[in-house]
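Enquirer: Dumping the structure here so I can ask a few things about it.
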Amino acid sequence: MKGLAGKNALITGASSGIGQAIAIRLAQEGCNIAINYRKRQEEAEDTKEMAIQKACEQLEECSVRSLLVQGDVSQEEDIIEMVNTVIEKFGSLDILVNNAGIQIQKASHEVTADEFDKVISVNLRGAYLCAREVIRHFLSRDRGGAIINISSVHEIIPRPLYVSYSISKGGMENLTKTLALEYANRGIRVNAIGPGATITPMNKAWIDDLQKKAVVESHIPMGRAGNSDEMAAAVAFLASEEAAYITGQTLFIDGGLTLYADFREPWSA
Ligand code: NAD
């Protein structure tokens, strides 16, 4: 895609699932990739290996660089160190993908303050602090940049039993829009994708159970769950110059999940 070759990208939570697919896709587009991981260095190594291999299969000149950066996005000092390390090693940063995310399932009246804070501090506060650090860098070099937040269909669909997750993704919509508006005239674009049900480790509760998977897929108008590559393709587009005039938007990639499937048939004849 236009304008991605040679760009430097940082992807948080890139040792698995959607983050891993984004790192691989951006490398295939010729970006240098910084792969953030919290704990699982071996998996981050796998991301690096796959990204370089696939990029080199695809690109005529394979000069893609990659970097593993440990850091917990719920910790401000980790974020500052992570962003500084990437800028120091790559020389600059052009793209941030706020992908790291967690969820806790519990009835809303039983969630403790610590559990609530844990989810918000990774999914929302972490995304904001990463964006803040990267925006400081974008402004310092006056060349703009792109931020893509990995939100969810639960940005707009309420999700009982996952109250902190729902709130974090609802907040992400306003994070995306607020930053987009604030920095639009300084060459910084901020967008989001809203994945629907996607085959990743986060959904281990149903992806390997055919019956449960069928129930999930019965609610999706297109009749199937999405995959990480489909999410990564949209992120590459939003990061690229093909999306140069797009900012403040969430692109839902959900097989029609946000189309109110219950209205497919008339409720009364
Ligand atoms: P995943 O569990 O494979 O990925 C989450 C990643 O975040 C993991 O690599 C994990 O190590 C990392 N992470 C967690 N806490 C972290 C922290 N404190 N610091 C740094 N990294 C941390 O699941 P996934 O489905 O690939 O999720 C990626 C993103 O996509 C999340 O933001 C999630 O909310 C969003 N999403 C997923 C789905 C889905 O159906 N899978 C749907 C909508 C949105």
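Enquirer: Hey, among K177, K213, which residue is farther than 24 Å from E241 by Cβ, outside any loop (DSSP other than H, G, I, E, B) and not acidic (D, E)?
Expert: K213
Enquirer: Pick from region 175-201 the residues that are under 16 Å from A127 (Cβ atoms) and among the hydrophobic types (A, V, I, L, M, F, W, C): which of them is farthest from the ligand (Cβ to nearest atom)?
Expert: Checking each candidate, the answer is I188.
Enquirer: Test of understanding: among A5, A14, which residue is out of contact with any helix residue (DSSP H, G or I) (no Cβ under 7 Å at 6 or more places or on another chain), in a loop (DSSP other than H, G, I, E, B), on the phi < 0 side of the Ramachandran plot and at pLDDT 95 or above?
Expert: On the way: A14 fails: out of contact with any helix residue (DSSP H, G or I) (no Cβ under 7 Å at 6 or more places or on another chain).
Selected residue: A5, the only one of A5, A14 that is out of contact with any helix residue (DSSP H, G or I) (no Cβ under 7 Å at 6 or more places or on another chain), in a loop (DSSP other than H, G, I, E, B), on the phi < 0 side of the Ramachandran plot and at pLDDT 95 or above.
Enquirer: Let me ask something else. I'm trying to understand the selection: among the residues of region 1-37, which are buried (at least 24 other Cβ atoms within 10 Å of the Cβ), over 25 Å from Q75 (Cα atoms) and small (G, A, S)?
Expert: A27
Enquirer: Identify, from the list E77, E61, E45, E88, the residue that is surrounded by fewer than 24 Cβ atoms within 10 Å (Cβ to Cβ), within 14 Å of the ligand (Cβ to nearest atom) and closer than 30 Å to D142 by Cβ. I'd like the intermediate steps shown before the answer.
Expert: On the way: E61 fails: within 14 Å of the ligand (Cβ to nearest atom); E45 fails: closer than 30 Å to D142 by Cβ; E88 fails: within 14 Å of the ligand (Cβ to nearest atom).
Just one listed residue meets the conditions, E77.
Enquirer: Among the residues of region 22-38, which ones are assigned to a helix (DSSP H, G or I) and under 12 Å from A5 (Cα atoms)?
Expert: As a first pass, look at region 22-38 and keep what is assigned to a helix (DSSP H, G or I): 22-28.
R25, L26, A27, Q28, listed by residue number.
Enquirer: Moving on. Could you say which residue among S164, S152, S121, S168 is hydroxyl-bearing (S, T, Y), farther than 27 Å from A5 by Cα and in contact with a strand residue (DSSP E or B) (Cβ under 9 Å, 6 or more places away or on another chain)? Quick ask: steps written out before the conclusion?
Expert: Numbers: S164 fails: in contact with a strand residue (DSSP E or B) (Cβ under 9 Å, 6 or more places away or on another chain); S121 fails: in contact with a strand residue (DSSP E or B) (Cβ under 9 Å, 6 or more places away or on another chain); S168 fails: in contact with a strand residue (DSSP E or B) (Cβ under 9 Å, 6 or more places away or on another chain).
After ruling out the rest, the residue left standing is S152.
Enquirer: Mind checking which residues of region 143-201 are among the basic types (K, R) and over 18 Å from G19 (Cβ atoms)?
Expert: Step one: list which residues in region 143-201 are among the basic types (K, R), which gives 143, 159, 169, 177, 186, 189.
R143, R159, K177, R186, R189 - these are the residues of region 143-201 that are among the basic types (K, R) and over 18 Å from G19 (Cβ atoms).
Enquirer: While we're looking at this one, here's another question. When the residues of region 97-121 are narrowed to those that are among the small types (G, A, S) and outside any loop (DSSP other than H, G, I, E, B), which ends up nearest to the ligand (Cβ to nearest atom)?
Expert: Per the criteria, the residue is S121.
Enquirer: Restricting region 122-147 to residues that are in a helix (DSSP H, G or I) and aliphatic (A, V, I, L, M), which is surrounded by the most Cβ atoms within 10 Å (Cβ to Cβ)?
Expert: Quick first cut of region 122-147, residues in a helix (DSSP H, G or I) only: 122-141.
So of that shortlist, the ones also aliphatic (A, V, I, L, M) come out as 122, 124, 127, 129, 131, 134-135, 139.
Numbers: V122: 23, L124: 22, A127: 29, L129: 20, A131: 22, V134: 24, I135: 19, L139: 15.
Among them, the one singled out is A127.
Enquirer: Something else: For the structure I just gave you, tell me whether A243 is under 24 Å from L93 (Cβ atoms), at pLDDT 95 or above and not polar (S, T, N, Q). Full working, then the answer.
Expert: Working: under 24 Å from L93 (Cβ atoms): yes; at pLDDT 95 or above: yes; not polar (S, T, N, Q): yes.
Taking the combined requirement at face value, the residue satisfies it.
Enquirer: Select, from K177, K213, the only residue that is in contact (Cβ under 8 Å) with a residue 40 or more places away in the chain and surrounded by 15 or more Cβ atoms within 10 Å (Cβ to Cβ). I'd like the intermediate steps shown before the answer.
Expert: Numbers: K213 fails: in contact (Cβ under 8 Å) with a residue 40 or more places away in the chain.
Going through K177, K213 in turn, the sole match is K177.
The values are calculated or read from the model by the stated rules, or taken from the named source; none is laboratory data. Quick caveat, the model's predicted, so the values are computed rather than measured. We place every Cβ from the backbone using ideal geometry, glycine too, and count neighbours over all the protein chains shown.
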